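Input: a single structure, listed below in structure tokens.
The values are calculated or read from the model by the stated rules, or taken from the named source; none is laboratory data. These figures come from a predicted structure and were not determined experimentally. Every residue, glycine as well, gets a Cβ built from its backbone with ideal geometry; the counts of neighbours run over all protein chains shown.
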Amino acid sequence: MRENLTFRQQQILDFICEFQAENGMAPTRAEIALRMGYRSKNAASDHLRALERKGYINLHSDRSRGIQVLVGIDEDSYELPVIGQVAAGSPIEAVENIERSVPVPEGMFKRRPTYLLRVRGESMRDLGILDGDLIAVRRTQVANSGDIVVARIGDEVTVKTLKLMKDKAALLPANEEFQPIIVPAADLIIEGTFVGLIRDHS
């Protein structure tokens, strides 16, 4: 049985859930502090630790946006399959075996995803997509410039920000240590678009 929350703790939990639904990933401590009117991130951190003690979240303190909202058995939820891994770096061969299923609360994402992929690599680090994260993907073959996409090049799959040009496509990293991948538009296959992130390093 979970402990009851204080009014302020409930406000912070609601904000985390709202932010997650809107942006596909958890807020930072600084964003929580700003929303709650705190001068310091420490006040937000104190409330987050209390939420963790009471069983509402898990904290991954070594990770940016390292807040994982836990799914309670009384919440409406659905299962998403983890179907393999995707590179956030150089493309890697896709492994599409279902590893397991993850329960996801209704309303966690603005658009309902089709499946989850495990990220390997750090090329999307500056957008908060880290090695080991699960990205929620909505299966589609259509994407716009600026979308974060799961793209297939031959037999390899990668996650990047898409930039469409006249007869080429650029797959842009979010880490200055990595170079864009430029391919002929005809050789690029969109597997899906990124709709959110689950920080799961179990």
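A few remarks follow.
- Criterion violated by ASP167 - all others in (1) in contact with a Leu (Cβ under 9 Å, 6 or more places away or on another chain); (2) among the acidic types (Asp, Glu); (3) without any contact (Cβ under 8 Å) to a residue 24 or more places away in the chain satisfied: (1)
- Candidates LEU162, LEU130 - the one that is hydrophobic (A, V, I, L, M, F, W, C), assigned by TED's automatic domain parsing to the domain that holds ALA87 and in a strand (DSSP E or B): LEU162
- Hits in segment 26-38 (condition: in a loop (DSSP other than H, G, I, E, B), touching a residue at least 12 places away in the same chain (Cβ under 8 Å) and touching a helix residue (DSSP H, G or I) at 6+ places or on another chain (Cβ under 7 Å)): ALA26, PRO27
- Members of segment 170-202 that are in contact with a Leu (Cβ under 6 Å, 6 or more places away or on another chain), at pLDDT 90 or above and either in a loop (DSSP other than H, G, I, E, B) or among the polar types (S, T, N, Q) (or both): ALA174, PRO180
- Filtered by the rule that a residue be small (Gly, Ala, Ser) and not in a loop (DSSP other than H, G, I, E, B), segment 12-25 gives a lone residue, ALA21.
Here is a yes/no grid of residues against (1) modelled with pLDDT under 75; (2) outside the structural domain of ILE148 (by TED's automatic domain parsing); (3) closer than 12 Å to LEU134 by Cα; (4) in contact with a Gly (Cβ under 7 Å, 6 or more places away or on another chain):
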site	(1), (2), (3), (4)
ARG63	yes, yes, no, no
GLY89	yes, no, no, yes
ALA94	yes, no, no, yes
ILE98	yes, no, no, no
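- Some residue of segment 115-131 being aliphatic (A, V, I, L, M), surrounded by fewer than 22 Cβ atoms within 10 Å (Cβ to Cβ) and under 30 Å from LYS166 (Cβ atoms): yes
- Among the residues of this structure, ALA43 counts as one that is free of Cβ contacts under 8 Å to residues at least 40 places away in the same chain, of a type in the set (A, V, I, L, M) and surrounded by 14 or more Cβ atoms within 10 Å (Cβ to Cβ).
- For THR158, the conditions (1) buried (at least 22 other Cβ atoms within 10 Å of the Cβ); (2) over 26 Å from ARG199 (Cβ atoms) are fulfilled apart from (2).
- Residue satisfying condition, being without any contact (Cβ under 8 Å) to a residue 60 or more places away in the chain and in contact with a strand residue (DSSP E or B) (Cβ under 7 Å, 6 or more places away or on another chain), within set GLU99, GLU176: GLU99
- A Cβ distance below 8 Å, combined with a sequence gap of six or more or placement on separate chains, defines the contacts here; from segment 8-25, residues that are at pLDDT below 80 reach residues that are hydrophobic (A, V, I, L, M, F, W, C) in the pairs ALA21/MET108; ALA21/PHE109; GLY24/PHE109; GLY24/ALA136; GLY24/PHE194; GLY24/VAL195; GLY24/LEU197.
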